[in-house]
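Okay, structure first, notes after.
The values are calculated or read from the model by the stated rules, or taken from the named source; none is laboratory data. Source: prediction; values computed, not measured. Glycine gets a Cβ as well: all are built from the backbone with ideal geometry, and neighbour counts include every protein chain shown.
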Amino acid sequence: MKFLAAAFALAALILPAAAEAPFAKDRIAWNKPAEPFHIIGPVYYVGTAGLSVHLIKTRQGLILIDQGLPESVPLIEANIQKLSFKLGDVKLLLAGHAHFDHVGGLAQLQKDTGARIVASAADKPFLEAGRITFGPSAPIPFTPVKVDCVIGDGEALSFGGVTLTAHLTPGHTPGNLSWTMKIVENGEPHLVLFAGSLSTGGNPIAGTPTYPSITQDYRKSFAKLKSLSADILLTEHQDIAGEIDKSQRRKMGAPNPFIAPEALPAYVAASERDFETALAKEKRAP
């Protein structure tokens, strides 16, 4: 009896840890606050320490690319206001891809700003259902939204004197979007890339893949991004492009470290290596 009592006591200690919500620790780390900062031209950072939210200032209002977690919204809105912008000036919300950590705050930000939502056709069903149906993010719902504008691969979105070109870079999700934007800074032209996620993100990619064309999609996306000559790389998780670190370096007097033509090729090459390594590992598995 004493043995059984001890066993039940041990089980009581173990079960709560086993029942921890998916991504619970990641969410805490991703959602730590970060100060907003200027990147280049009309582009600013208003996200958290782990989740990028990029703001673009135009003559007709503001554009936000990605919207973080549901619990990120107060931090994002505070950062917008710290830059002396008004929430009501946010007119467009661009959804990068339909995972809870990047669109979880979409519904609340739309409610608070009245902005229109722009997304790809392939990710629209997930956004409107409030859940992606496969991969590690599938168990985590988010508040459904109505997509106001569907944008296709290669289409231009012009608003307030700013033009963003959509690039479908599927794999991470079927409708994963990247965006390019031309700017001029101090008389020099630059191409900014707001890159969609390229990691496998735990998605099965061999055997029984997450979706049938996922392997081909990743490889097409790598090829597409290799063809771009962007010299300013911004990523959905800021630490990949080192955005907060670059903002600190610039404060210490360095030339704008965001201008880095080598950053995009390095990012794509590393992502492609990781993908091929994961694919080979899955193929070897029983």
When you scan region 214-239, how many residues do you find that are part of a loop (DSSP other than H, G, I, E, B) and surrounded by fewer than 13 Cβ atoms within 10 Å (Cβ to Cβ)?
2
Tabulated pairs, region 207-223, first farther than 20 Å from LEU177 by Cβ, second modelled with pLDDT of 95 or more and assigned to a helix (DSSP H, G or I), C-beta under 8 angstrom, 6+ apart or interchain:
PRO209/THR215
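Rundown of residues vs (1) at pLDDT below 95; (2) hydrophobic (A, V, I, L, M, F, W, C); (3) within 22 Å of ASP153 (Cβ to Cβ), yes/no style:
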position	(1), (2), (3)
PRO36	no, no, no
PRO42	no, no, no
ALA49	no, yes, no
GLY68	no, no, no
VAL73	no, yes, no
ALA119	no, yes, yes
ALA122	no, yes, yes
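I'd like to check something: does region 240-252 contain any residue that is within 25 Å of PRO36 (Cβ to Cβ), modelled with pLDDT under 95 and not in a helix (DSSP H, G or I)? Reasoning before the result, please.
Just the residues of region 240-252 that are within 25 Å of PRO36 (Cβ to Cβ), to begin with: 240-252.
Narrowing further to those that are modelled with pLDDT under 95: 250-252.
Filter again for not in a helix (DSSP H, G or I), leaving 252.
Yes - at least one qualifying residue is present in region 240-252.
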Would you confirm whether any residue within region 198-213 is in contact with a His (Cβ under 9 Å, 6 or more places away or on another chain), closer than 24 Å to PRO42 by Cβ and aliphatic (A, V, I, L, M)?
no
Within region 188-204, track down each residue that is at pLDDT 95 or above, not in a strand (DSSP E or B) and not polar (S, T, N, Q).
GLY196, LEU198
Can you tell me which of (1) among the charged types (D, E, K, R); (2) in contact (Cβ under 8 Å) with a residue 12 or more places away in the chain; (3) surrounded by 13 or more Cβ atoms within 10 Å (Cβ to Cβ) is the one LYS283 doesn't meet?
(3)
Please go through region 65-77 and give me each residue that is under 15 Å from ASP101 (Cα atoms) and touching a residue at least 24 places away in the same chain (Cβ under 8 Å), ordered by number.
ILE65, ASP66, GLN67, GLY68, LEU69, PRO70, GLU71, SER72, VAL73, LEU75, ILE76
